[in-house]
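*Asks:* Next up is a structure, given as structure tokens.
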Amino acid sequence: MNGSGASSLKDAVWDSWTCTMGWPTQGIWQGSMDGSDINALMRSPDDTCMATADDFGFVNLFKWPAPVKNSAFNKNGGHSSHVTNVAFTKNQSG
């Protein structure tokens, strides 16, 4: 790889992605979020979308990648408090 620092990894292809911070996940940060509002992230096995778990009781579904802040997403409720983790099934059957 040429370059140094974080920019040298911008186009790296990773086997999985669970980090809330990174080039392809910048779009998960909405409005005035402070960097601690997203508790978990998982990229789908087919690399087409990602799900996040947040402090507001939602599981959110974004396209992968979402490199632009305030990217469009589907908000899914059903929790009364912080959602602490999220995952996809390996075969994506639901």
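*Asks:* Pulled fully out, how much extra length does the chain show between C19 and N85, if you take 0.36 nm times their separation in residues and subtract their Cα-Cα distance?
*Replies:* That pair, C19 and N85, stretches by 22.6 nm at full extension.
*Asks:* With θ set to phi - 60°, apply the Karplus curve 6.51 cos²θ - 1.76 cosθ + 1.60 along region 75-81 and write out the HN-Hα couplings as whole Hz, x wherever there is a Gly or Pro.
*Replies:* Rounded to whole hertz, the list is 9, 10, x, x, 10, 8, 8.
*Asks:* State the Cα centre-to-centre distance between region 1-55 and region 60-86 in whole Å.
*Replies:* 12 Å
*Asks:* Once you have all Cα-Cα distances for the chain, histogram them in 5 Å bins from zero and send the whole-percent values.
*Replies:* With 5 Å bins starting at 0, P(r) equals 3, 13, 24, 25, 18, 10, 5, 2, 1, 0.
Where a number appears in this text, it was derived from the coordinates with a stated rule and is not lab data. Here the structure is a predicted model, which means the values were calculated and not measured.
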